[in-house]
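A quick write-up on the structure given underneath.
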Amino acid sequence: MMKRLAAAAAVVVLAACSSGPAKVKPAELPPPANRASAQLIWSTQVGASALTLAPFAHQGRVYLAGGSGTVAVVDATSGRDVWRVNLNTPLSTGAGSDGDVAAVVTQGHQLVAMAEGRELWRAQLPAASYTSPLVAGQRVFVLTADRSVLAFDGRTGAKLWTQTRPGEPLVLRQGGVLLAVGDTLVAGLSGRLVGLNPDNGTPRWDVPVANSRGTNEVERLVDLVGPVSRQGASVCARAYNSAVSCVDTNTGRSVWNKAAQGVVGVHGDAQWVAGTETDGRVLVWQRASGEKVWELDRLKFRDLTAPLVLGRLLALGDQSGQVHLLSTADGSELTRLSTDGSAVLAQPVLSGPALVVQTRNGGVFAWRSQ
């Protein structure tokens, strides 16, 4: 796997990719099975994109970010812009929002909050961030590359608190774990899933997903990567190239932990948790026990995204811009969708009736399943 190192604040950032150990040409795929149909209902453009500029779905809208500074909020049904602004500065994260305030982080380490198409405030961060901000409870939460979690007032930008966790000097240049579960803020800090009090940042519980090991800094890297799969109090997450684990956030205990060699996050429903391995295999585990349900190797070496589980459908994108719709029952192909031919970098999202993906070239495509 190719690895590129760059300085970022007091840490070193590792740019991850989801390709195999060596670039292997994937096998040709047969024509699509066409056991299901999906209609392209709209498309738009936000400019060249990267892995960390993942689309975000909330209340029938899709929040989009392009690498050069475009932030757009799009109606999921029609594809029309609700609002769109250009911040005129390169972005390092996608947008997060509570439906009122939206927030992104720039490559200059600035947190920018917006509402109704206008900028509200900016705050300078102590380090880079590659995880989309979390906006909840009239606050904006940020996970930075130095393994700090910061909280800001959503309307004024005043910093409320900072929680810092020391760790290894390497972090990944890809989205981590930051979400709200009830009244707890859940963050991935190094190889641990940590529950924080959102009012002051104090820890409530701390669960190891993977432990640092190896003889050098790269081998000791154990960051958690997004997205995660949440069902009620159950949160399942991946530790980079190490393990997948499900945690009960009510008790702060690990329910199960399985070795897994993947570099992008997981998704699931009440029954299943799905993930893609480094070599392109797709795995599905039982959510309750962690037992493997099925494994698929037909899509190997295609640089797959994290999956999205939608009832009987499992959707994921690949390096050639294709979106694969599989059966969650056994991994068989239902159909295959095409974009602009550039890589789908982040997990597909569902917003209203629309299954939405964003490509490296900045194309955003939405389909309605038939």
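Observations on the model:
- Filter result for residue 188 (surrounded by fewer than 17 Cβ atoms within 10 Å (Cβ to Cβ) and not charged (D, E, K, R)): no
- Residue match in the stretch 157-168 (condition: farther than 13 Å from residue 96 by Cα, of a type in the set (Ser, Thr, Tyr), modelled with pLDDT under 95 and touching a strand residue (DSSP E or B) at 6+ places or on another chain (Cβ under 7 Å)): yes
- Screening the stretch 214-292 for strands (runs of 3 or more DSSP E) wholly inside it with 2 or more residues that are closer than 21 Å to residue 195 by Cα and of a type in the set (Gly, Ala, Ser) returns the ranges 224-231, 234-239, 243-248.
- Checked against (1) farther than 21 Å from residue 143 by Cα; (2) at pLDDT 95 or above; (3) within 20 Å of the chain's Cα centre (by Cα), residue 18 passes all but condition (2).
- Pair list, Cβ < 9 Å and 6+ apart or interchain, from the stretch 346-370 residues that are more than 11 Å from residue 61 (Cα to Cα) and in contact (Cβ under 8 Å) with a residue 60 or more places away in the chain to residues that are surrounded by 22 or more Cβ atoms within 10 Å (Cβ to Cβ) and of a type in the set (Asp, Glu): none
- Residue selection: residue 310 satisfies the criterion of being surrounded by fewer than 17 Cβ atoms within 10 Å (Cβ to Cβ), under 20 Å from the mean Cα position of the chain (by Cα), at negative phi and touching a residue at least 40 places away in the same chain (Cβ under 8 Å).
- Scanning the stretch 280-294 for residues that are touching a residue at least 40 places away in the same chain (Cβ under 8 Å) and buried (at least 18 other Cβ atoms within 10 Å of the Cβ) gives 280, 282, 284, 285, 287.
- Given (1) at pLDDT below 95; (2) more than 19 Å from the chain's Cα centre (by Cα), number of the condition residue 51 does not satisfy: (2)
- Set side by side, the residues 346, 306, 329 differ, and just one is more than 28 Å from residue 130 (Cα to Cα), among the aliphatic types (A, V, I, L, M) and outside any strand (DSSP E or B), which is 329.
- Segments classed as strands (runs of 3 or more DSSP E), wholly inside the stretch 125-186, with at least 1 members that are closer than 28 Å to residue 234 by Cβ and under 21 Å from the mean Cα position of the chain (by Cα): 134-136, 139-143, 148-153, 170-172, 178-181
- Which listed residue, of 208, 203, 198, is under 22 Å from the mean Cα position of the chain (by Cα) and modelled with pLDDT of 95 or more: 198
- From 297, 318, 330, residue being without any contact (Cβ under 8 Å) to a residue 60 or more places away in the chain, more than 18 Å from residue 350 (Cβ to Cβ) and surrounded by 19 or more Cβ atoms within 10 Å (Cβ to Cβ): 318
- Residue ranges of strands (runs of 3 or more DSSP E) in the stretch 35-99 with at least 2 members surrounded by fewer than 17 Cβ atoms within 10 Å (Cβ to Cβ): 38-45, 81-86
- Filtered by the rule that a residue be surrounded by fewer than 21 Cβ atoms within 10 Å (Cβ to Cβ) and farther than 21 Å from residue 348 by Cβ, the stretch 242-278 gives 248, 250, 251, 252, 253, 254, 255, 256, 257, 258, 259, 261.
- Flag for residue 37 being of a type outside the set (D, E, K, R) and at pLDDT below 90: yes
The values are calculated or read from the model by the stated rules, or taken from the named source; none is laboratory data. Because the structure is a prediction, the values reported are computed rather than measured. Cβ atoms come from the backbone with ideal geometry, glycine included; neighbour counts cover every protein chain shown.
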